[in-house]
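A.B. asks: Here's a structure for you.
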């Protein structure tokens, strides 16, 4: 059915496919939301600090 080389190629293909699948799941469920929430919090913090500095000037 399969030669040994074809078997190794098939295993390499399955390994790469599986790694890609889990990497996509990790990025979509943890890394990207973590980055977006952190970026939004940093943005709001900067706006709050700017508003505070402006209020202290006046």
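A.B. asks: Out of contact with any strand residue (DSSP E or B) (no Cβ under 7 Å at 6 or more places or on another chain), in a helix (DSSP H, G or I), exposed (fewer than 10 other Cβ atoms within 10 Å of the Cβ) and on the phi < 0 side of the Ramachandran plot: is that true of residue 31 in this structure?
C.D. replies: The answer is no for residue 31.
A.B. asks: All but one of (1) more than 21 Å from the chain's Cα centre (by Cα); (2) at pLDDT 95 or above hold for residue 5, so report the exception by its number.
C.D. replies: It is condition (2) that residue 5 fails.
The values are calculated or read from the model by the stated rules, or taken from the named source; none is laboratory data. Since this is a predicted model, take the numbers as computed values, not measurements. Glycine gets a Cβ as well: all are built from the backbone with ideal geometry, and neighbour counts include every protein chain shown.
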